[in-house]
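The values are calculated or read from the model by the stated rules, or taken from the named source; none is laboratory data. Not measured: the values here are computed from a predicted model. Cβ sites come from the backbone with ideal geometry, for glycine too, and all protein chains shown count toward neighbours.
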Amino acid sequence: MSKAIRITETGGPEVLKLVDVEVGAPGPGEVQVRHAAIGLNFIDVYFRTGLYPVPLPAGVGLEGAGVITAVGDGVTGFAVGDRVAYCDRPPGSYCELRNMAVGPLVRLPEAVAFDTAAAMMLKGLTVEYLFHRTFKLQPGQTILFHAAAGGVGLIAMQWAKALGVTVIGTAGSPEKAALAKQHGADHVILYREENVVERVRELTDGAMVPVVYDSVGKDTFQMSIDSLQPFGTMVSFGNASGPVPPMPLTALKGSLYITRPGLMAHTGNRATLAEMAARLFEVVGSGKVKIDIEQRYALADAAQAHRDLEGRRTRGSSILLP
C-alpha cells in the first residue's frame, strides 16, 4: 500500500484526505515513480476548489521528482533507476508512489537535487514560457511582475536580471518586498499601500511598461491594464485573489494585447518540453537562478500547506515530503 492525498468532494483544505492506495504494476506506456519530493503550487488549489473541474474522486498535485521503480510495456527512453521530474496533468503527485505516462517526464541531471526539482519544475517552466515564448523579453526593457516574492516571482526576479531586464515587482508586505529585492527586483511596490499605476508612471518617467505578468487576478487586473504602454501586453496567468470579472473589449484602450497562457499547452509537445527543461536546468545549474525552498511539509500536512498558501503566508517555493 502507498499513502496518497485524495479528494472525494471539492471545497476547502479540509477535503484533502490522506488515504492508503493500492498501486499496481504500470500499464503500457507507463512507468512507476517513487517520489522523493512533491511540488506545492497555487494551481493545486484551483483543482481542490473545483475552479478547474476534474472527475471525483481525484488525486491532487501536478509536480514531483523521484526515481523510476518499474517500467511498463512499450516504454522506451526510460529505465528503472532513472532520476526524473515532471509537472503536468492529470493531478495526483501528492503521493508516495504513482504510475504515470512517460509524456511529461524529463530526466533529472545529477546536479539537480530532488527537492530542488520538485520546487522548480512547474514554477521554473512557467517563467521560461512567460519570458521566452509569451512575451520574449529583450535586454533593456522594464517589466511589471506581480507577486514578486512568490514561488514563481522569486525565480522570475532572478531570471529577468540574467536577461538584462529592469524589474518592477509588487508585494503585499515590507518583508516580501525585501525578499523580492534580494532576488533581483529593481523596485518593489507595496500594492496594498501604494498606487501601483502612479508608481509605475514615476519609475518609468511616464513611459509605462510593455508587458505586465499577473498571477494575482481580480485584485490587480485593472492596475495591470492601466500600467501598460500603447501596444503593451497583459499576461494573465493566475487567479490567486479570484477570477477576473468579465470585461468589455473597449477596456483594452491603447491597442493593448491580452493573453491567458498555460504551461500544459507548451509542455504537451515533447520537443518543446525538452527545450524548456534544458533551458531551466541550464539557468539553475549556472547559478544565475537559485531555488529557495522556504517551506517543507509532510505529505500528511497537505491541508495545512494549502491553508498557508491561500493565506499568503508562504514565501518562495514549498514542497511536500512523502
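Key figures for this structure:
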quantity: Options Ala70, Ala37, Ala79: the member that is at pLDDT 95 or above, buried (at least 18 other Cβ atoms within 10 Å of the Cβ) and either farther than 27 Å from Gln295 by Cα or not basic (Lys, Arg) (or both); calculated: Ala37
quantity: Among the residues listed as Lys218, Lys253, the single one being over 20 Å from the mean Cα position of the chain (by Cα), over 17 Å from Gly153 (Cβ atoms) and either aliphatic (A, V, I, L, M) or outside the structural domain of Phe42 (by TED's automatic domain parsing) (or both); calculated: Lys253
quantity: Any chance Asp186 is at pLDDT 95 or above, acidic (Asp, Glu), touching a strand residue (DSSP E or B) at 6+ places or on another chain (Cβ under 8 Å) and farther than 18 Å from Lys123 by Cα; calculated: yes
quantity: Residue satisfying condition, being surrounded by 18 or more Cβ atoms within 10 Å (Cβ to Cβ), of a type outside the set (Val, Ile, Thr) and part of a loop (DSSP other than H, G, I, E, B), within set Pro91, Pro139; calculated: Pro91
quantity: The stretch 159-179: number of residues that are modelled with pLDDT of 95 or more, in a helix (DSSP H, G or I) and buried (at least 23 other Cβ atoms within 10 Å of the Cβ); calculated: 2
quantity: Pick from the stretch 292-322, criterion of a type in the set (S, T, N, Q) and outside any helix (DSSP H, G or I), ranking: nearest to the chain's Cα centre (by Cα); calculated: Ser317
quantity: Strands (runs of 3 or more DSSP E) contained entirely in the stretch 205-291, each with at least 1 residues that are among the aliphatic types (A, V, I, L, M) and touching a Cys at 6+ places or on another chain (Cβ under 7 Å); calculated: none
quantity: Residue within the stretch 107-118 that is part of a helix (DSSP H, G or I) and among the small types (Gly, Ala, Ser) present; calculated: yes
quantity: Residue within the stretch 271-290 that is buried (at least 18 other Cβ atoms within 10 Å of the Cβ), farther than 21 Å from Lys136 by Cα and at pLDDT 90 or above present; calculated: no
